[in-house]
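Following: one structure in structure tokens, then a few remarks.
The values are calculated or read from the model by the stated rules, or taken from the named source; none is laboratory data. These figures come from a predicted structure and were not determined experimentally. Please note: Cβ atoms are built from the backbone with ideal geometry, for glycine as well, and neighbour counts cover all protein chains shown.
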């Protein structure tokens, strides 16, 4: 019924190439039958690797039509990371974006017995490759079209194949990098995906008129639901950016109405904003901060339709004209109806910042095992520190030891080829352990997540210690990119900090601090002072919140290198792998707690091109005087 | 900050390469044109028409012409006045000798004659460059000035040497009031300006700019210097010629060669430089500035309430004008067009500085 | 033998033959009896110490300089004298040692300018920028976008080239040359003044151009490593004289070449 | 018939020398700073006005000295207020700036010194001299004032030549003309050098103004006549001092002869209202000449580096 509406756009060759739903159907049919010609059939697994491109989305659909199971992978993961997943999933065929991915797969080909074909989108540079197992998507589709031309029954056959698929069938396997150990293949059925998508659409009344930008990894369940399943259910248009570095402009051009992103993306927006405003003329800067102040004071109230004095509305209106509007315009968020932050807890200040601008940013608590949706915040009931109420058809309960359990139509079938793990997480009656610690807030009835269940620890004196809570507070400062808080089974709390190159870099330029590398900058005493000030503020706010007051930060250091997914310190979704880091930087930890002023550390690093090297450094450590109540009272 | 570009995306190259890709600009310009055609006639008075609007429009046209040559193709010319004269006298003679010809055709004829002369005097540009060329174009200026002063035929043997045109009318509509003069000029200018914008955005415009920016590189991508330069001379002269004809017919009514002397050339050159080389918009801004400044300076003494002899005033006018030019060149050598562009960029990036 | 221009020349045939070319400015003899050939589809390198006459050689080939003696045969047509734009029409494109872009124009316009020869819509269509003229403009924009995509510079499409870093400018210049769809592409030190990464990129582009578009390439380059990897055959000039000609290994082994580079007195 | 022609020729040559004098001013500045100084004509007028008015109230030599100071001051003002703010702008911008200066000077000069016609009395012998009476009946008439003028110009040129060849500054100027780095190496800051040349050409303008004023009387038209120096320039080459001299002579003689010989013909053919072709002849002559030799008589050859 939306046949003539744009289903998907891709900014390619300088303009937005669009395909209507009818076009998409034709493309997919041809593609699908072409794949069948290549021998892909029901139950086969096939990999999908690359950035967000229409044809890769079609690949998934084309495969699923045949009853085959797509296995999307993170495009930027290095060859041997892929090797495990591809081998484990026994993929028969791989649909990839370009030469880069082809090369990766060829380099690990001998590990992949099942692999018969590689299908690629961009032919560039592949001219001289051995064609035997290499086919262009164009050619696959031609195969399909020829087959259709040859005998008409092909079409009926294909439709039969589609019909043969049952809701309970396996639809997709999403490998979650997980914060520890090997990736696990989460199996989702068509029902899981579709029902969740439909409920999600219903929950936020998303319809055919939405516009979304697809720029998050295909392998992330979020992208699969938000910019694949939900689009197919509601019929709205998905837009693929031209290149990673143009996402912001592309978002601005399209004007997305529905957005979703891990907190990091939002943090980044704020960092950029703050850094740029630093360079603005004094007058403009003052105006900016004044109106941001106004927004922080009244913005949320207005957004939540609360009663506010007239002058406030007036000021806010002025701010909208001078600051918020233009700002949203620059972000490309002017038309946002619903924006979710998902995947990880977001710093309250960050969250409020966007709310204050009038962007309907909401928290969503989800999991791959749940086909995303567990809880989300209904419009008008927004709290910075909760993740909202259970979504439609979702049941949530909290065990005595504080772990959150959920049950819903979206609950996964199991981990692929891993019954034990499945048993560990999924009870026979369909409840799934989220691995997160949380509780229902009596005031609001919303769920609150403190931290990963296993990360929540206690100091030796028995006080509760939630590292992520502290880390998020630190990470709100534009200068701090990443923070790792330690304290479980220790006497006090210490943090390891990653400075933000963009922010601190430009700060350095303005204050003509010379530096040659991240390492140099990180070791700079002036930088240490700056970070120290931030931490003292955090301590104060911790103290004011009472509950966490006892877990103030006593010592900190600035890491000599940026935490990097290529080194396994972050997951592909860029979550901190605390455990791994703890062993990797053992010498630093030791130093932090034995009271020494500095420590030597040598770490192995992997560069983009896969080469390995070592960085050695002597890292300084500083003590922080904990905030005491009297001082804070004064400050407050 | 006025620019809210969210949701403006291009699905075709045609749209992406439109004159005003940004919706806000489109609306603004559209509104401006509508206002010029409908709003202005409602409010303007005689003085505004004859002393401000009409001169600005006609000289903008001349400025566009010179800008094509100097701004886009990089060939400096001081002969503008001469080419305007060609346009004016050619038009005069056609109207005189073939009275039944439509006024529009008369203007076009003026332009075409100027084109021919322009090509003729453009030929040297193939051998000589920069200031040498500039001075060479002075030859055109002085020769033409002289020719129209001395060759009686051109002035139809008028003893005074000055010529006058009678009652104007287009398609039977008499163009007798300043208001109608204005509308006539406006229509012609709008059309020609649009054409110019199209030219400079297309293949021809690129060949010109290529010549300007680096003639060697231009040649290796297959551009013939001859074609590029002469076409620039031709088209530039056409615009200037039409402007000349309009100046004579509409602004002056009766004139003598002095109306198109070297100072006219400089005046237009100023407009181009102050407005901004290589910008059609700049041509308009420059023209407005150069026409309005003297008017303003002229009022200045009265405004600050001191009485001076007319001579003194004109001298002071000269001084201030010269000073202004220098000042402006120091402040923004790339002219109003650049200022405009910068301002616009700031508004688009607002509140960010970059 | 005067084959008609554009007669089908298949890979391996001689595309361009330089025959005993001598060039002198006043007293200075830039080239002395230099002869060599470029075969269709190959990457031909011209190397030599500074002042060896490499650039002069390119300038002779695409018509900036007229040799006093000797002749150039391109696509079977031998000619004594021709202007650069004639060379362009013949299908010879080139880039310069010190980037020669149109500074005032955007990346897009620079590359579009490279299409000039392929665009034919007349003046009056251009005036209206409507119908055929617009269609043509769009069609060529489309082709230019392919090049932009090929060179991976979509993000700078609308930026004036003057504002770009040197490395990117070189890339754009290559783009402009490609836009001409040349049969012979002359590259004058495409990697001069680039850092390692940029050099790698550029080398990859050169190779891709060669096998993706099948363009014959003649390049001057100082970085020996690059030259040896890229080129099929190498001409070595020294003080305007050809001192060696052959495959990379041959040239590398050649004693006179080694001497020339070590600067042994002549 | 030959007599009058010779007369005109000599007359032309003598006027030509005046052109050269103005042209010299241009050349000096262009050579040193690459500025195409359109204001040269205005400077001539300004100088002439100053001299004329001052000499009314004080002894001539004092007036001359004072005017000289004024011109130097002017040069300084121009360098200080305009040029140094426009360093390394393109030529055309600087050219426009000098146009602005022209307007300013014209206005300024006339509002300071007045705008009537003034006399400069050099006390030159007024009554004409006749030479070669043996050869031509009645001999050839020569205006001694022009002779004197010629002599003065000759001296000027000589002085400048020496100045350029011998003095340190002179050499520096030549260096600058070649390239600005070189100038630094000579150890003289660029703007000093510019100041210098503007001062010098200011003085040249003064001399030109003086002679011209003496000849035609000081009036606004002088600044226009000064335009004549332009064809002289391109004929001689923008950067060549001898070029300016020779060019001046050619133009001067050329246009006078043309007026005498060509005008009647043209008038007859095209039925003109009077001749006055010297208004453009100089330019067309120069133009035609350029087509043959684009860089002018003595100008340096422009070789395009690829």
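Of the helices (runs of 4 or more DSSP H) lying entirely inside region B:1-104, those containing at least 3 residues that are in contact (Cβ under 8 Å) with a residue 40 or more places away in the chain span B:54-66, B:80-97. For region D:132-152, the tally of residues that are over 20 Å from residue D:212 (Cα atoms) and either modelled with pLDDT of 80 or more or surrounded by 13 or more Cβ atoms within 10 Å (Cβ to Cβ) (or both) stands at 3. Within region A:373-382, one or more residues are in contact with a helix residue (DSSP H, G or I) (Cβ under 6 Å, 6 or more places away or on another chain), closer than 25 Å to residue A:224 by Cβ and either touching a residue at least 60 places away in the same chain (Cβ under 8 Å) or assigned to a loop (DSSP other than H, G, I, E, B) (or both).
Going through region D:66-96 one residue at a time, which ones are in contact (Cβ under 8 Å) with a residue 60 or more places away in the chain and at the interface with chain B (Cβ under 9 Å from one of its Cβ atoms)? Selection gives D:94, D:95.
Of all the residues in region D:254-292, those that are away from chain B (no Cβ under 11 Å) and buried (at least 17 other Cβ atoms within 10 Å of the Cβ) number 7.
Residue-wise test of (1) within 27 Å of residue C:140 (Cβ to Cβ); (2) away from every other protein chain (no Cβ under 14 Å); (3) surrounded by 15 or more Cβ atoms within 10 Å (Cβ to Cβ).
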site	(1), (2), (3)
B:7	no, no, yes
B:13	yes, no, yes
B:18	yes, no, yes
B:28	no, yes, no
B:34	no, yes, no
B:39	no, yes, no
B:45	no, yes, no
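When you scan region B:301-313, do you find a residue that is closer than 20 Å to residue B:72 by Cβ and within 14 Å of chain D (Cβ to nearest Cβ), even just one? No, region B:301-313 contains no residue that is closer than 20 Å to residue B:72 by Cβ and within 14 Å of chain D (Cβ to nearest Cβ). Assess whether residue B:333 counts as being at pLDDT below 95, within 11 Å of chain D (Cβ to nearest Cβ) and not in a helix (DSSP H, G or I). It is true that residue B:333 is at pLDDT below 95, within 11 Å of chain D (Cβ to nearest Cβ) and not in a helix (DSSP H, G or I).
On the stretch given as region B:153-196, residues that are within 30 Å of residue C:118 (Cα to Cα) and surrounded by 17 or more Cβ atoms within 10 Å (Cβ to Cβ) total 4. When residue C:68 is tested against (1) out of contact with any helix residue (DSSP H, G or I) (no Cβ under 9 Å at 6 or more places or on another chain); (2) modelled with pLDDT of 90 or more, just one condition goes unmet, and that condition is (2).
Limited to region A:1-57, what total is found for residues that are under 19 Å from residue B:11 (Cα atoms), within 14 Å of chain C (Cβ to nearest Cβ) and assigned to a loop (DSSP other than H, G, I, E, B)? Within region A:1-57, residues that are under 19 Å from residue B:11 (Cα atoms), within 14 Å of chain C (Cβ to nearest Cβ) and assigned to a loop (DSSP other than H, G, I, E, B) number 3. Confirm whether residue B:223 is touching a helix residue (DSSP H, G or I) at 6+ places or on another chain (Cβ under 6 Å), crowded, with 19+ Cβ neighbours inside 10 Å and in contact (Cβ under 8 Å) with a residue 12 or more places away in the chain. Spelling it out, residue B:223 is indeed touching a helix residue (DSSP H, G or I) at 6+ places or on another chain (Cβ under 6 Å), crowded, with 19+ Cβ neighbours inside 10 Å and in contact (Cβ under 8 Å) with a residue 12 or more places away in the chain. Looking only at region A:79-113, residues that are in contact with a strand residue (DSSP E or B) (Cβ under 8 Å, 6 or more places away or on another chain) and exposed (fewer than 15 other Cβ atoms within 10 Å of the Cβ) come to 0 in all. Is one or more of the residues making up region D:32-51 buried (at least 17 other Cβ atoms within 10 Å of the Cβ), over 29 Å from residue D:278 (Cβ atoms), away from chain B (no Cβ under 12 Å) and in contact with a helix residue (DSSP H, G or I) (Cβ under 9 Å, 6 or more places away or on another chain)? Yes, some residue in region D:32-51 is buried (at least 17 other Cβ atoms within 10 Å of the Cβ), over 29 Å from residue D:278 (Cβ atoms), away from chain B (no Cβ under 12 Å) and in contact with a helix residue (DSSP H, G or I) (Cβ under 9 Å, 6 or more places away or on another chain).
Output the residues belonging to region A:295-334 that are within 14 Å of chain B (Cβ to nearest Cβ) and without any contact (Cβ under 8 Å) to a residue 40 or more places away in the chain.
A:318, A:319, A:320, A:321, A:322, A:323, A:324, A:325, A:326, A:328, listed by residue number.
Can you pull out the residues in region C:195-219 that are buried (at least 20 other Cβ atoms within 10 Å of the Cβ) and more than 13 Å from chain A (Cβ to nearest Cβ)? Listed by number, the residues that qualify are C:202, C:215, C:216, C:217, C:218, C:219. Report whether or not residue A:270 is within 11 Å of another protein chain (Cβ to nearest Cβ) and either modelled with pLDDT of 90 or more or under 26 Å from the mean Cα position of the chain (by Cα) (or both). So residue A:270 fails the test. For region B:113-136, filtered to residues that are closer than 24 Å to residue B:192 by Cα and surrounded by fewer than 19 Cβ atoms within 10 Å (Cβ to Cβ), the residue that is farthest from the chain's Cα centre (by Cα) is B:120.
Taking the numbered list (1) under 28 Å from residue C:48 (Cβ atoms); (2) over 16 Å from the mean Cα position of the chain (by Cα); (3) surrounded by fewer than 19 Cβ atoms within 10 Å (Cβ to Cβ) in turn, residue C:162 passes all entries but (1).
Tell me yes or no: at least one residue of region A:88-96 is under 21 Å from residue A:12 (Cα atoms) and in the same structural domain as residue A:41 (by TED's automatic domain parsing).
Checked region A:88-96: at least one residue is under 21 Å from residue A:12 (Cα atoms) and in the same structural domain as residue A:41 (by TED's automatic domain parsing).
Residues that are in contact (Cβ under 8 Å) with a residue 24 or more places away in the chain number at least 3 in the following strands (runs of 3 or more DSSP E) confined to region A:91-162: A:93-96, A:117-120.
Just one of (1) touching a strand residue (DSSP E or B) at 6+ places or on another chain (Cβ under 6 Å); (2) part of a loop (DSSP other than H, G, I, E, B) fails for residue C:186. It is (2).
Tell me whether region C:59-72 contains one or more residues that are free of Cβ contacts under 8 Å to residues at least 24 places away in the same chain, under 18 Å from the mean Cα position of the chain (by Cα) and within 24 Å of residue C:209 (Cα to Cα). Within region C:59-72, one or more residues are free of Cβ contacts under 8 Å to residues at least 24 places away in the same chain, under 18 Å from the mean Cα position of the chain (by Cα) and within 24 Å of residue C:209 (Cα to Cα). When you check residue B:266 against the structure, is it modelled with pLDDT of 90 or more and farther than 29 Å from residue C:159 by Cβ, yes or no? So residue B:266 passes the test.
Residues are listed down the side, and each one gets a yes or a no for (1) within 30 Å of residue B:152 (Cβ to Cβ); (2) modelled with pLDDT of 80 or more; (3) part of a helix (DSSP H, G or I):
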position	(1), (2), (3)
D:224	yes, no, yes
D:229	no, yes, yes
D:262	yes, yes, yes
D:266	yes, yes, yes
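Restricting attention to region A:409-447, the residues being over 24 Å from residue A:45 (Cβ atoms) and touching a helix residue (DSSP H, G or I) at 6+ places or on another chain (Cβ under 6 Å) number 1.
To keep it simple, each residue is scored yes or no on (1) farther than 28 Å from residue B:94 by Cβ; (2) within 14 Å of another protein chain (Cβ to nearest Cβ).
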| residue | (1), (2) |
| --- | --- |
| B:238 | no, yes |
| B:247 | no, no |
| B:253 | no, no |
| B:263 | no, yes |
| B:270 | yes, yes |
| B:281 | yes, no |
